[in-house]
1. With an 8 Å Cα cut-off and a minimum separation of 6 or more residues, compute the relative contact order for region 68-135 in percent.
2. By the gyration tensor of its Cα atoms, with a ≥ b ≥ c the square roots of the eigenvalues, what is the shape of region 197-240: rounded for a/c under 1.5, prolate for a/b over b/c, or oblate?
3. Could you order R152, R225 by accessible surface area, starting with the largest, using a probe radius of 1.4 Å?
4. Grab the other residues whose beta carbon is less than 12 angstrom from that of T37, score K and R as +1, D and E as -1, and report the net.
5. Please give the Cα centre distance for region 192-235 versus region 57-81, rounded to the nearest Å.
Amino acid sequence: MANTIPPAYNSGTVKTSLQESLSLWREVPFLHDLPDTVLAELARAARRVHFTQGQTIFLEEEPTAGLFLVEEGRVKICRYAADGREHTLLISGRGDTFNDVSALDGGPNPACAVAFSDAILWPVSRDGLRRLSIQHPELAWALIESLAQRARYLIGIVQDPAMRNVKGRLARLLLDQAEAAERGTPLPHITQEEMANQLGTVREVVGRALRSLAAEGILTVDRQRIEIVDRARLQAAAEV
């Protein structure tokens, strides 16, 4: 079976210069040491596409959609339990890649990808990525290192619920959100339901944890707005 990007992904394609594309690929941490010639070929193998907030990019268990790079916006990677409950694995932003595993092993997409905000992405088909990896061993090695880093991250996800309570995990999530906003990354509003999906719990438990942090004077909760009052104590709570 050929591994190609479905035609629907071409909708909303926006033209950009090779130099702009090259600069973006250079931002990917595991690619920044590669020669410009290799990155230029990778950029040419990709295409620039736009997704609106809430739009499904690809579904779990579908044939591999290839490797994706985020230029703008945020993308939610998630899976669904048999009862329909969603579990968010990660939120990807500018300079992040996702669906690496499927693009490299040729298996189906291991999770769903949904535009968490309006997003501009650069997908590369598995066939294109494989061809370039064969031609450029340094790219293949960079992809191996990327998978190793991804494995470390996933180990942390598995370990976190066992080593840290919901209140601590929520504190870490709020700190991550604050740091992303400080870097100038536009973030959509995140509901308590979405927090629960990211933390592997339910909305009611998140609500209790928020009220507890507010009662301690660490943050304030006003309807849909959460404001950090004492960052040092929130950091301490994240370590519990």
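1. Relative contact order of region 68-135: 43 percent.
2. Verdict is oblate for region 197-240.
3. R152, R225
4. After counting each charged neighbour, the total is -2.
5. Here the answer is 27 Å between Cα centres.
The values are calculated or read from the model by the stated rules, or taken from the named source; none is laboratory data. It should be emphasised that the depicted structure is a prediction, and the values quoted were computed from it without experimental measurement. Neighbour counts are summed over all protein chains in view; Cβ atoms, including those assigned to glycine, are modelled from backbone coordinates with ideal geometry. Side chains included, ligands, DNA and RNA excluded: accessible areas come from the protein's heavy atoms. Shrake-Rupley method; radii C 1.70, N 1.55, O 1.52, S 1.80 Å.
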